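Heads up, the thing below is written out as structure tokens.
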Amino acid sequence: MNLCHPMSLRTFTWTSPELTAKEILPALEKAIPLDLIEQSIAESHSLEGRRRRLPTSLVVALVIAMNIWSNDNLVDVLKNLVSGLEGQWIRLSQRWQVPSKSSISEARSRVGPQVMSRLFNHVAQPLASEQTPGAFLQGLRMMAVDGSSFDLPDTDENARVFGYPGSRRGTRAAFPKARLVVLVEAGTHLICDALLCPYRIGERRRVLQLLRSVGPEMLLMWDRGLHSFKMVYATLNQGAHYLGRVPANVKFEPVKYLSDGSYLSWINPDRKSRKKGATRLQVRVIEYQVEAEGEHQTYRLITDLLDIERFPALLLATEYHQRWEVENTLDELKTHLNGRKVPIRSKHPRAVVQEVYGWLLSHWAIRSLMFQAAQAANLPPLRLSFSGSLRVLRRAVNHFQSAQPHELPLLPIGSSLKLAI
């Protein structure tokens, strides 16, 4: 008697799922809309001509995620990105083979840097309203500009394009450096515009280009290292107001003293500006002292805000120190979001540009979601912890992937980030 019956096995085959940013980044969709990703890909002509395991939209997601998991290698970053989808794939008899490091590098090279810079330019903008605490001064949106530099991998290509910082004769710096200048909304820490350049190009020259993103009803603040007639002239040409610190060696002759202790004077054009027809401009000068560690430090500010009733000297002197929010923003970018000794991984200049704009986009995504969370909880955006929000976002990426579409409305952005307060 035959007691053994052959077991019939269901045919089992693996099919590879097609991945796009839509499946990978649902947790970030409010900060970086998927239609803007697709638009940036189309505008930069980066769409792949055939089906690939690493389509362009997935590479865009990877370049952003490189900074969310900054201490992981690229293969592990990719694994982190798809880990929330693995349960669905098993149920659907699907399997996605993680590409090798060389395949990822090849895909990044194919996509290029332009799609990332276009995407950043599409999404980056001020978000605060007049109800956002600390974001406006008497109806003027407070903005700040500053710059920073950072090390790059020491390769011949990076050195040729970005250059080394100066060093003693007969010596050379350990790493090439790049320079980044940023325009920041002071009340939210959102980077609203940015430019990357070789180290040899000074901050003053590049910051002038950021003025393309300032306009009426804005108050632009800068530190003494960025003071120049060109900054004042260009800011006014954009219809914006300014409040800038002046170096100690720059003198202003008082023309008229005002009742709040400030005085009126003139700022004269530099030689190049004079040749182009520029004439002197009236400025209001505010001088005050700040006591720190038993010592008094003198500050001098200039502004075009001449109404001393609406903008008294004490108010402007107090609010100018919001300019330091741009320093805190750069600290978030370089220390809390990245934190590696050499923050950039890429060994080729085009990949450096791509990675830096991915870096900016990841900071934008976190700060944008923090703004929305603060708004929902009726809190100042700067009350939320940046590093805490980053940890929440790392967890949220996979949770949002494993949720069903009809469940996503049950996970509002505000409630998911309240843990970071």
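Identify all residues within region 299-316 that are more than 22 Å from PHE229 (Cβ to Cβ) and surrounded by fewer than 20 Cβ atoms within 10 Å (Cβ to Cβ); write none if there are none.
Hits for region 299-316 are ASP307, ILE308, GLU309, ARG310, PRO312, LEU314, LEU315.
Based on this model, can you work out whether ARG323 counts as touching a residue at least 12 places away in the same chain (Cβ under 8 Å), touching a Ser or Thr at 6+ places or on another chain (Cβ under 7 Å), of a type in the set (Lys, Arg) and closer than 22 Å to LEU180 by Cβ?
no
Answer yes if at least one residue in region 228-247 is in a loop (DSSP other than H, G, I, E, B), free of Cβ contacts under 8 Å to residues at least 24 places away in the same chain, farther than 18 Å from ASP304 by Cβ and not charged (D, E, K, R), and no otherwise.
Yes - at least one qualifying residue is present in region 228-247.
If I ask for residues that are touching a helix residue (DSSP H, G or I) at 6+ places or on another chain (Cβ under 9 Å) and under 21 Å from LEU315 (Cα atoms), which ones from region 248-262 would you list?
Result: LEU258, ASP260, GLY261, SER262.
Can you tell me which residue within region 225-258, out of those that are under 17 Å from THR279 (Cβ atoms), among the hydrophobic types (A, V, I, L, M, F, W, C) and more than 32 Å from the chain's Cα centre (by Cα), is surrounded by the fewest Cβ atoms within 10 Å (Cβ to Cβ)?
Step by step, filter region 225-258, then rank; the result is VAL255.
Given region 282-385, what helices (runs of 4 or more DSSP H) lie entirely inside it while holding 2 or more residues that are at pLDDT 95 or above and more than 28 Å from the chain's Cα centre (by Cα)?
Output list reads 313-320.
Looking only at residues in region 251-278 that are among the aliphatic types (A, V, I, L, M) and in contact (Cβ under 8 Å) with a residue 40 or more places away in the chain, which one is farthest from ILE308 (Cα to Cα)?
ALA278
Give me a count of the residues in region 341-358 that are in contact with a Leu (Cβ under 8 Å, 6 or more places away or on another chain) and more than 15 Å from ASN73 (Cβ to Cβ).
So the count comes out to 4.
Within region 134-145, which residues are in contact with a helix residue (DSSP H, G or I) (Cβ under 9 Å, 6 or more places away or on another chain) and either buried (at least 20 other Cβ atoms within 10 Å of the Cβ) or within 22 Å of LEU330 (Cβ to Cβ) (or both)?
Matches in region 134-145: GLY134, ALA135, LEU137, MET142, MET143, ALA144, VAL145.
Confirm whether ILE41 is closer than 22 Å to SER389 by Cβ and either crowded, with 18+ Cβ neighbours inside 10 Å or at pLDDT 80 or above (or both).
The answer is no for ILE41.
Given the conditions (1) in a strand (DSSP E or B); (2) surrounded by 23 or more Cβ atoms within 10 Å (Cβ to Cβ), and given that GLY187 satisfies all but one, which numbered condition is not satisfied?
(1)
The values are calculated or read from the model by the stated rules, or taken from the named source; none is laboratory data. Note that the coordinates shown come from a computational prediction; the quantities given were computed from them, not determined experimentally. Quick reminder, even Gly has a Cβ in these numbers, built from the backbone with ideal geometry, and neighbours come from all protein chains shown.
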